[in-house]
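These notes are about the structure you will find just below.
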Amino acid sequence: MDISGFFRAKEKEGDLRSEEGILICGVCGEPKERRIDGVDFPVVTLCECDRRALEERGAADREQEKIQERIRVKEAVGRCFCELGPDGVRKAENMTFKKDRWPDSRQSVYCRRYADGFGDVLRENVGLVLYGPVGSGKTFLASCVCSRVIEKGYTARFLNLGALAQKSVSIKETEREEAREAIMTPDLIVLDDLGVERRSEYMDEAVYTVVNARYMANKPAIFTTNLRTSDFENPKDERQKRIYSRIVGMCDFVPVNGPDRRIGEHNIKKNRIGKILKGAEQNSTTE
Ligand SMILES: [Zn+2]
């Protein structure tokens, strides 16, 4: 059987053949075949045109991968913020650290570091309470963290705590199951707007159900709230105390007071994640 045909270069129009019988590319002038010891016919090799074609294909593959990655992130961000509806998702897509107008503020640096170190955060199971007045950017920062951890390949869900709490004790089993899934499955959840829900025994129980379920899942949660640390320190009653003490046990407290305020170390009530965040200010760059 003659196998030489399989190893020899394919001749194209314009190609030449050297005196030794080696095929020469008619375009770039480089040989398309070469001699190797122990083989009595010349075998195929790559001319410049072939090498360039391969490189271009590699670049095209890499470009394709980038596009795939952008699609993956977009879809995951859509799932993360799905409860906010299509307009909310569009808004959330713009809530990224790249769009942060005060990237050097302490709370931005802290949140960025938290998201960048999310592997450690997840392992150590450290949540955050982002607290501060309305309009200080708590929801923005929490959304930025979600987007960044999604980019890193983790799953995240952004949830309104009041709505989720109601769902979690709904009489409809499908809603309870949805709530359970949303609480337990993602690597990170944001529970937005702690403390704005109208209090009742029923609602307190529902909120506790959510917080406790996440605690049992042993994964981090970020709470945003207008409450002050003094509210956590002085709960109004036993029901509130049960909720707050659970949250205090799960989270570091990060004041978010707008861009101008500086956070003193003493203001960070607990800092279990100091190791991850150490050097945040020196190392962090505006991305
Ligand atoms: Zn060539």
(request) Please state the charge dipole magnitude for the chain, taken about the Cα centre, from unit charges on C-beta atoms (+1 on K and R, -1 on D and E), reported in debye and rounded to the nearest 20. (result) 1500
(message) Tell me the angle of helix 138-151 to the major Cα principal axis of the chain, expressed in degrees between 0 and 90 and rounded to the nearest ten.
(response) 30
(request) Could you please put THR224, THR174 in sequence from largest to smallest accessible area, using a 1.4 Å probe? (result) THR174, THR224
(request) Write down the percent of antiparallel bridges among all DSSP beta bridges whose residues are both part of the chain, to the nearest 5. (result) 20
(message) Ignoring ligands, DNA and RNA, please state the percent of accessible area on the chain from carbon and sulfur, probe 1.4 Å.
(response) 50
(request) Round to the nearest 10 and give me the degree value, 0 to 90, for the angle of helix 48-80's Cα axis relative to the longest principal axis of the chain. (result) 20
(request) Over segment 114-268, average the accessible area per residue using a 1.4 Å probe and give it in Å², no decimals. (result) 46
(request) Please give the helix 238-250 orientation as an angle from the longest Cα principal axis of the chain, in degrees from 0 to 90, rounded to the nearest 10. (result) 30
(message) Could you tell me which residue out of PRO133, ALA92, LEU191 lies farthest along the dipole of segment 83-283 toward its positive end? Charges go on the beta carbon: Lys and Arg +1, Asp and Glu -1, centred on the Cα centre.
(response) PRO133
(request) Starting from the residue with the highest accessible area, list ASP40, ASP193, ASP204 in decreasing order, probe 1.4 Å. (result) ASP40, ASP193, ASP204
(request) Return the long-range amide H neighbours of LYS32 (sequence gap of 5 or more, or a different chain), with a cut-off of under 5 Å between placed amide H atoms. (result) LEU23, ILE24, CYS25
(request) Excluding residues on the same chain fewer than 8 positions from LYS74, give the aspartates and glutamates whose Cα lies under 12 Å from its Cα. (result) GLU93, GLU151
(request) For ASN160, enumerate residues with amide H under 5 Å from its amide H, sequence gap 5+ or separate chain, H modeled in the peptide plane. (result) ASP192
(message) From the protein chains alone at 1.4 Å, what is the descending order of accessible area for ASP104, ASP37, ASP120, largest first?
(response) ASP37, ASP104, ASP120
(request) Would you mind working out the accessible area per residue for segment 1-80, using a 1.4 Å probe, and quoting it in Å²? (result) 78
(message) For a 24 Å ceiling on Cα separation, which of these pairs sit above it: LYS138/LYS219; LYS99/LYS219; LYS32/LYS66?
(response) LYS99/LYS219; LYS32/LYS66
(request) Round to a whole angstrom and tell me the spacing of the C-alpha centers of segment 35-50 and segment 186-223. (result) 68
(request) Provide the net charge surrounding LYS12, with neighbours chosen by a C-beta distance below 15 Å and charges set as Lys +1, Arg +1, Asp -1, Glu -1. (result) -3
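The values are calculated or read from the model by the stated rules, or taken from the named source; none is laboratory data. Quick caveat, the model's predicted, so the values are computed rather than measured. So basically every Cβ, Gly included, is an ideal-geometry build from the backbone, and we count neighbours across all protein chains shown. Ligands, DNA and RNA are stripped out before the accessible areas are found, and what is left, the full protein with its side chains, is counted by its heavy atoms. Shrake-Rupley method; radii C 1.70, N 1.55, O 1.52, S 1.80 Å.
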